[in-house]
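Structure first, then comments.
The values are calculated or read from the model by the stated rules, or taken from the named source; none is laboratory data. Quick caveat, the model's predicted, so the values are computed rather than measured. Cβ coordinates were reconstructed from backbone atoms using ideal geometry, including for glycine residues, and neighbour counts include every protein chain displayed.
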Amino acid sequence: MNLPLNTDLERKELTEMMGIHLQNQHTISPLTGRIWATLIMEGKGEGLTFDYLVEKLQASKSSISASLNLLVKTDKIYYVNIEGDRKKYFRTYPFSERFVRLLKNMEFEKKLLEKVIKYKSKIACSNKGNCALENIKAYKEHLYEMEKITKRLLTDLKKIEEENLNK
């Protein structure tokens, strides 16, 4: 499908911006960020092939392969095989999956904070130590609020994704 020139340029700029954001947020290489962003922006439906990504991003096969392997290994993307086709089609996980993982991290962090609070409450602390303990308690409360908001968002995202599947 040929997009109007300004739409194609806009998609390229957004993909580049998203790649930089993903690179910085997830501490990945620039190429890995660009691959992930390309999959997000263009990988709807069946996904994108290795060969497409090599051609699109003008990078070596070994670099593309290493980046794809990292993204798959860290559960950022996955691939499917289509019957009768030996190629792998790379896709991003649904947006809701990001928040499922975030909730798991929050759950672990809440348990960890409880242990830290319990430990710090036992030891004799100076005023600075008490201040740190109060900061930890405040952060824990903030984490509980974030968890509530994230659960609501996740419910909404799953509903939208389900509706999109049924279209």
Check: Within the range 51-59, is even one residue part of a helix (DSSP H, G or I), at pLDDT 95 or above, within 27 Å of F99 (Cα to Cα) and of a type outside the set (D, E)?
Finding: yes
Notebook entry, point to check: Are any residues in the range 61-78 over 14 Å from D51 (Cα atoms) and of a type outside the set (A, V, I, L, M, F, W, C), and if so, which ones?
Noted result: N69, K73, T74, D75, K76, Y78
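Every residue, every condition in (1) in contact with a helix residue (DSSP H, G or I) (Cβ under 9 Å, 6 or more places away or on another chain); (2) loosely packed, with under 15 Cβ neighbours inside 10 Å; (3) among the polar types (S, T, N, Q); (4) without any contact (Cβ under 8 Å) to a residue 24 or more places away in the chain, yes or no:
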position: Q23; (1), (2), (3), (4): yes, no, yes, yes
position: L31; (1), (2), (3), (4): yes, no, no, no
position: S62; (1), (2), (3), (4): no, yes, yes, yes
position: I82; (1), (2), (3), (4): no, yes, no, no
Notebook entry, point to check: If you check I64, I149, which single one turns out to be under 21 Å from the mean Cα position of the chain (by Cα), outside the structural domain of L39 (by TED's automatic domain parsing) and part of a helix (DSSP H, G or I)?
Noted result: I149
Note to self: When you scan the range 114-123, do you find a residue that is more than 24 Å from the chain's Cα centre (by Cα), without any contact (Cβ under 8 Å) to a residue 24 or more places away in the chain and not in a helix (DSSP H, G or I), even just one?
What the structure shows: yes
Checklist line | In the range 40-50, the residues that are in contact (Cβ under 8 Å) with a residue 12 or more places away in the chain and over 10 Å from Y89 (Cα atoms) | finding: I40, M41, E42
Check: Out of I28, I40, which single residue is assigned to a loop (DSSP other than H, G, I, E, B) and not polar (S, T, N, Q)?
Finding: I28
Notebook entry, point to check: Which of the residues belonging to the range 70-80 are assigned to a helix (DSSP H, G or I) and surrounded by 11 or more Cβ atoms within 10 Å (Cβ to Cβ)?
Noted result: L70, L71, V72
Note to self: Name the residue that is nearest to N24 (Cα to Cα), counting only residues in the range 41-50 that are at pLDDT below 95 and in contact with a strand residue (DSSP E or B) (Cβ under 6 Å, 6 or more places away or on another chain).
What the structure shows: G43
Check: Does E97 qualify as being of a type in the set (D, E) and crowded, with 16+ Cβ neighbours inside 10 Å?
Finding: yes
Notebook entry, point to check: So is Q58 loosely packed, with under 15 Cβ neighbours inside 10 Å, under 17 Å from the mean Cα position of the chain (by Cα) and free of Cβ contacts under 8 Å to residues at least 24 places away in the same chain or not?
Noted result: no
Margin query: Pairs please, first residue from the range 146-167 and closer than 19 Å to T92 by Cβ, second anywhere and in a helix (DSSP H, G or I) and among the polar types (S, T, N, Q), Cβ atoms under 8 Å, 6+ apart in sequence or on different chains.
Written below: L154/S96; L157/S96; K158/S96; E161/S96
